[in-house]
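The values are calculated or read from the model by the stated rules, or taken from the named source; none is laboratory data. Keep in mind that what you see is a predicted model, and the values were worked out from it rather than measured. Glycine gets a Cβ as well: all are built from the backbone with ideal geometry, and neighbour counts include every protein chain shown. Surface areas here come from the heavy atoms of the whole protein model, side chains and all, with no ligands, DNA or RNA. Shrake-Rupley method; radii C 1.70, N 1.55, O 1.52, S 1.80 Å.
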Amino acid sequence: MSRGAALALLGILALTCPAHAQLLSPGKLARGHAAIDTDDDCAKCHESGRKVVARLCLACHQDLGAALSAGRGLHGRQYKAQPCEHCHVEHLGRKGRLVRWPGGAMEKLDHALTGYRLEGKHATVTCLACHTKRSATGATQFVGTKDACAACHKDPHDGRFTATCQKCHNATDWKAFERKAFNHQLTKYPLTGKHVAVACEGCHVGAPPKWKPLGFATCDACHEDPHRGQFRPKPCTSCHDTSAWDTGRDKIRSNHPGLSLAAGHARVDCKACHDRGNDRAPSKGKACVACHKAVHLASFGPRCERCHASIRWVGLAPSIGRDHHDETRYRLQGAHQAIACDRCHPSTRPVAQRFRGLAFGKCASCHADPHAGEFAARDRGECAACHTVAGFAPTTFGVTAHATTGFALDGKHLATPCSGCHPAPRPRLTFRQPKRACAECHDDPHGAQFAAEMAKGGCATCHSTLDWREPKIDHATWPLLGAHARATCAGCHGAQRGGAQPAAYRGIPRDCEGCHEDLHAGQFVQSEPVRRCERCHTAMTFQIARTFPHQETRFPLLGKHRALECSACHRAEALRNGASAVRWRLGYSQCKDCHANPHREEKERRP
């Protein structure tokens, strides 16, 4: 048997007879593969009839498979189609090396073959300084090492300039960055105006230049203050910008310290006030009265800026005028506080007369008389007698004031609204009212019954303003007693509220039959002796007392009869009209008329 045939047989036995694998194995695996160096693990790297199968290697080394597929790294660029065992030899024992480095050693590898050329400082760095990744067994892993700068170096800019460090820096010298490629607008201090043309060392002074930290919060960090602090704490940017030192004229005017340059001052040249230099206060001072004469008659004081801080003489905010109006001769109170300024100070009047010389001594100076002179003779027509500045309505003309007129209010008149007596469309009522008598305003519900009384004293003869239904009536001609005193007037006089006919007070009958129905069905008037109601009844109560004098009738009550109830003899009987009435006049007076004869049977037994 040849040597080749023997080796093939040993390979077959190793694959088909696991029990003899270690016996026939060419040697132990390297330390990195020690976990699969058993009788059952040969098929993880070998197939029958073959040596090493790359597909099986990639089943474990999946990260390497991804690099091969992408054509990335040393394996993907240089050894994509080559067998693994050309560079990775096994069965050399635990101390054997798995890698045969191109060039003979790891340090001699041409790194450009990986796709990442080592230049500058990178060329002097040791391999393991960048390849720090370790496998589960502690072996160095080269596949998947990132080539971005931030993978190895900390970003001193904290991400402000993106992760593409190569835009400004190179691998030879980090500090020697490409200045033209540096975008200063991405920093916390973008360059504008004159700052764009300044050399880097102009701000980043020093050798080497100091890049950070660098103060830039205020202009004073780099520039001296030519004003020697006289405008502090205002920043320089309130008057100047980076375009040029002397191009901030508009900004200086809009941010002028101490005094606004708006409106009229905008047309004044700087030298007209700053006679000692533009950056020095005028010799006349900063107060308005230093240049302008006081024009107000009111005692507003010399601090014109309290109202005219915007340098506007007219057209000020309404709140300014309202806040200081109390300092004038006319204080704003009540409804006047909500009136628009131009209602009293119209823009149609010249400025010199718009605020001065306004008459305000009387209400009529501003307000038209809604009463058309009706009260000209009363308090000389002054409105304040009836109205206040709180509002035209409600009026202060009340009960006390009404008493000074020809008609004092009392009783129900106190609750009557003004328009009840002074009818006219609002807002102007007719206040002159010549009517005084009751009948001139109120209808007479009695017709002509009391013509004599009306001619003598009118309604007040019987009524008062306190309550119409509480009349002052002298009922002495027919005194009200008992139940009559409790009866309503309408019960006798037939008064009906809202009725078409007036209540009858004249000719009212005075006997009982004139008002009350005869409940006895005529028993005491249609037969003798005739008896009137008052013979048995009184005004106190219709009910007859038990002490009725029965002895005055044709049948005095004696003996047992005295204890009987009236209803025992006097029973109610039905009448032809369907009503009923108690029979008081019985028409009989003998015992047999009421009682049966108890001796009739004994009489019948006698012979």
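Residues are listed down the side, and each one gets a yes or a no for (1) in contact (Cβ under 8 Å) with a residue 24 or more places away in the chain; (2) touching a Cys at 6+ places or on another chain (Cβ under 8 Å); (3) more than 30 Å from P445 (Cα to Cα):
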position	(1), (2), (3)
G514	no, no, no
L519	yes, no, yes
Q523	yes, no, yes
E528	no, no, yes
T553	no, no, yes
N577	no, no, yes
S589	yes, no, yes
Some residue of the range 73-80 being in a loop (DSSP other than H, G, I, E, B) and out of contact with any Asp or Glu (no Cβ under 7 Å at 6 or more places or on another chain): yes
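Would the range 147-159 turn up any residue that is aliphatic (A, V, I, L, M), surrounded by 13 or more Cβ atoms within 10 Å (Cβ to Cβ) and over 55 Å from the mean Cα position of the chain (by Cα)?
Going through the range 147-159, the residues aliphatic (A, V, I, L, M) turn out to be 148, 150-151.
Keeping just the survivors that are surrounded by 13 or more Cβ atoms within 10 Å (Cβ to Cβ) gives none.
There is no residue in the range 147-159 that is aliphatic (A, V, I, L, M), surrounded by 13 or more Cβ atoms within 10 Å (Cβ to Cβ) and over 55 Å from the mean Cα position of the chain (by Cα).
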Evaluation of A476 against (1) in contact with a helix residue (DSSP H, G or I) (Cβ under 9 Å, 6 or more places away or on another chain); (2) at pLDDT below 90 (one fails), failing number: (1)
Test: K362 is within 44 Å of the chain's Cα centre (by Cα) and either farther than 30 Å from G301 by Cα or surrounded by 13 or more Cβ atoms within 10 Å (Cβ to Cβ) (or both): yes
Those residues of the range 206-229 which are of a type in the set (A, V, I, L, M) and open to solvent by 90 Å² or more (accessible area, probe 1.4 Å), in sequence order: A207, A217
Count - residues of the range 97-118 that are surrounded by 13 or more Cβ atoms within 10 Å (Cβ to Cβ), in a loop (DSSP other than H, G, I, E, B) and in contact with a Gly (Cβ under 8 Å, 6 or more places away or on another chain): 3
Residue list for the range 326-359, restricted to those being in contact (Cβ under 8 Å) with a residue 12 or more places away in the chain and over 16 Å from H296 (Cα atoms): Q333, G334, A335, H336, Q337, A340, C341, C344
Residue check, R232 open to solvent by 70 Å² or more (accessible area, probe 1.4 Å), under 30 Å from W313 (Cβ atoms) and free of Cβ contacts under 8 Å to residues at least 12 places away in the same chain: no
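Determine whether the range 469-491 contains at least one residue that is within 56 Å of the chain's Cα centre (by Cα) and open to solvent by 60 Å² or more (accessible area, probe 1.4 Å).
Kept after step one, since they are within 56 Å of the chain's Cα centre (by Cα), are these residues of the range 469-491: 469.
Going one step further and asking which of them are open to solvent by 60 Å² or more (accessible area, probe 1.4 Å), we end up with 469.
Yes, there is a match, as at least one residue in the range 469-491 is within 56 Å of the chain's Cα centre (by Cα) and open to solvent by 60 Å² or more (accessible area, probe 1.4 Å).
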Filter pass, A495 being aliphatic (A, V, I, L, M) and either at pLDDT 90 or above or not in a loop (DSSP other than H, G, I, E, B) (or both): no
Every pair of residues 6+ apart whose Cβ atoms lie under 9 Å, when the first sits in the range 166-178 and is free of Cβ contacts under 8 Å to residues at least 40 places away in the same chain while the second is of a type in the set (D, E) and exposed (fewer than 12 other Cβ atoms within 10 Å of the Cβ): K167/E178; C168/E178; H169/E178
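May I ask you to list the residues in the range 541-587 that are of a type in the set (S, T, Y) and surrounded by 10 or more Cβ atoms within 10 Å (Cβ to Cβ)?
Taking the range 541-587 and keeping what is of a type in the set (S, T, Y), we get 541, 547, 553, 567, 580.
Scanning the range 541-587 gives T541, T553, S580.
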Number of the exception - A139 against (1) under 17 Å from T187 (Cα atoms); (2) open to solvent by less than 50 Å² (accessible area, probe 1.4 Å): (1)
Whichever residue in the range 509-542 is of a type in the set (K, R) and either under 60 Å from the mean Cα position of the chain (by Cα) or part of a loop (DSSP other than H, G, I, E, B) (or both) and, among such residues, is nearest to T488 (Cα to Cα): R510
Complete set of residues in the range 365-388 that are in contact with a Gly (Cβ under 9 Å, 6 or more places away or on another chain), open to solvent by 60 Å² or more (accessible area, probe 1.4 Å) and not hydroxyl-bearing (S, T, Y): D369, F375
E90 being part of a loop (DSSP other than H, G, I, E, B), among the acidic types (D, E) and either under 30 Å from H153 (Cβ atoms) or touching a residue at least 40 places away in the same chain (Cβ under 8 Å) (or both): yes
Residues of the range 526-540 satisfying the condition of being touching a helix residue (DSSP H, G or I) at 6+ places or on another chain (Cβ under 8 Å) and open to solvent by 60 Å² or more (accessible area, probe 1.4 Å): R532, E534, M540
Where R532 falls short, out of the listed (1) in contact (Cβ under 8 Å) with a residue 40 or more places away in the chain; (2) more than 30 Å from R469 (Cα to Cα): (1)
Test: residue in the range 161-183 that is open to solvent by 90 Å² or more (accessible area, probe 1.4 Å), out of contact with any Leu (no Cβ under 6 Å at 6 or more places or on another chain) and more than 24 Å from G120 (Cβ to Cβ): no
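Residue by residue, here is whether (1) of a type outside the set (K, R); (2) outside any helix (DSSP H, G or I); (3) within 60 Å of the chain's Cα centre (by Cα) holds:
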position	(1), (2), (3)
T547	yes, yes, no
S567	yes, no, no
K592	no, no, no
A596	yes, yes, no
Residue list for the range 217-238, filter: out of contact with any Pro (no Cβ under 9 Å at 6 or more places or on another chain) and of a type in the set (S, T, Y): T237
Qualifying residue in the range 207-222 (condition: at pLDDT below 85 and part of a helix (DSSP H, G or I)): no
